[in-house]
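Data block below; observations after.
The values are calculated or read from the model by the stated rules, or taken from the named source; none is laboratory data. Everything quoted here is computed from the prediction, not taken from an experiment. Here the Cβ positions follow ideal geometry from the backbone for every residue, glycine too, while neighbour counts run over all protein chains shown.
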Amino acid sequence: MRLADCNARQKKAYTNIFHAANWLIGGLENAVSDNPEGSPEHESAKAQLADHEGLVNQVYDAAITDVYAEGACFFGNGAASFLKDVRFCGKDWLMERCEARVKKCGY
């Protein structure tokens, strides 16, 4: 599914999933590259990146919990109405988008 094919709520969710995946996966990739091989941080991040289903679930959890934008994560009362629209898209639809995004990131 393309962003252009989405309704207004789906566009919010689609964009939130995109940025949540970048935030999460980018952070894990940084942990792998910034920590020496064999360190607990390196090994933990590497294991999380190797777990496709786990990544999909983490992206889903992040996308329905917080609001993500390029390089930023927002949470709190101001995010409630935005997240209500995101959740309204339904778990199945959201999980499909999370799965596609994680695959597009190479995991």
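Select from the stretch 2-18 the residues that are of a type in the set (A, V, I, L, M, F, W, C) and modelled with pLDDT under 95 and list them in ascending order. Even if it seems obvious, please write down each step before you answer.
Restricting attention to the stretch 2-18, the residues satisfying the condition of being of a type in the set (A, V, I, L, M, F, W, C) are 3-4, 6, 8, 13, 17-18.
The answer is Leu3, Ala4, Cys6, Ala8.
Scan the stretch 31-52 and tell me whether some residue there is acidic (Asp, Glu) and outside any helix (DSSP H, G or I).
Of the residues in the stretch 31-52, the ones acidic (Asp, Glu) are 34, 37, 41, 43, 51.
From what's left, outside any helix (DSSP H, G or I): 37, 51.
Yes, the stretch 31-52 contains a residue that is acidic (Asp, Glu) and outside any helix (DSSP H, G or I).
Could you grab me the full set of residues in the stretch 25-54 that are closer than 15 Å to Val102 by Cα, surrounded by 12 or more Cβ atoms within 10 Å (Cβ to Cβ) and of a type in the set (Asp, Glu)?
Glu29, Asp51
Among the residues in the stretch 67-81, are any of a type in the set (Asp, Glu) and either in contact with a strand residue (DSSP E or B) (Cβ under 7 Å, 6 or more places away or on another chain) or assigned to a helix (DSSP H, G or I) (or both)?
Applying the first criterion (of a type in the set (Asp, Glu)) to the stretch 67-81 yields 70.
Those left that are additionally either in contact with a strand residue (DSSP E or B) (Cβ under 7 Å, 6 or more places away or on another chain) or assigned to a helix (DSSP H, G or I) (or both): none.
No: zero hits.
Taking into account only those residues within the stretch 1-24 that are buried (at least 16 other Cβ atoms within 10 Å of the Cβ) and among the polar types (S, T, N, Q), which is nearest to Gln48 (Cα to Cα)?
Here the residue is Asn22.
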